[in-house]
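Each reported figure results from applying straightforward, stated rules to the coordinates on display, with no laboratory input. This is a predicted model, so every value here is computed, not measured. Cβ sites come from the backbone with ideal geometry, for glycine too, and all protein chains shown count toward neighbours.
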Amino acid sequence: MSLDGLHHALAAVHAGLGDARAQLTSATRLLEQSRRAMWDAQLAHAGGEPWLPKQLDVALDELERQRGTLSDAGELLDAYQARL
């Protein structure tokens, strides 16, 4: 692969990382909106303490872990590109 080809491929990987970050942000926002909607609905219609499924927190934690993985991949990619 030529150096130009490598730079082009690395730019495509950077674009993919950006797309993945955007999807993670969207997923996080949707889960947080779901959490608020469930909480608010329970407060409005129930007299007791609102309950949220533990899976919501697990999913949000997993999204945060994946965000860190993408960040690490971006840093490695930047370091690799700097060597070229």
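How many residues does the stretch 38-77 contain that are in a loop (DSSP other than H, G, I, E, B) and either of a type in the set (Lys, Arg) or at positive phi (or both)? First the steps, then the outcome.
As a first pass, look at the stretch 38-77 and keep what is in a loop (DSSP other than H, G, I, E, B): 46-53.
Still in the running and either of a type in the set (Lys, Arg) or at positive phi (or both): none.
Looking only at that region, the number is 0.
Among the residues of the stretch 49-66, are any within 30 Å of residue 83 (Cα to Cα) and surrounded by 14 or more Cβ atoms within 10 Å (Cβ to Cβ)? Break it down into steps so the answer makes sense when it comes.
In the first step, residues of the stretch 49-66 are kept if they are within 30 Å of residue 83 (Cα to Cα); the result is 64-66.
Next, from what is left, pick out any that are surrounded by 14 or more Cβ atoms within 10 Å (Cβ to Cβ): 66.
Yes, there is a match, as at least one residue in the stretch 49-66 is within 30 Å of residue 83 (Cα to Cα) and surrounded by 14 or more Cβ atoms within 10 Å (Cβ to Cβ).
Every residue in the stretch 1-33 that is among the small types (Gly, Ala, Ser), free of Cβ contacts under 8 Å to residues at least 40 places away in the same chain and under 21 Å from residue 58 (Cβ atoms), please.
Those that are among the small types (Gly, Ala, Ser), free of Cβ contacts under 8 Å to residues at least 40 places away in the same chain and under 21 Å from residue 58 (Cβ atoms): 26, 27.
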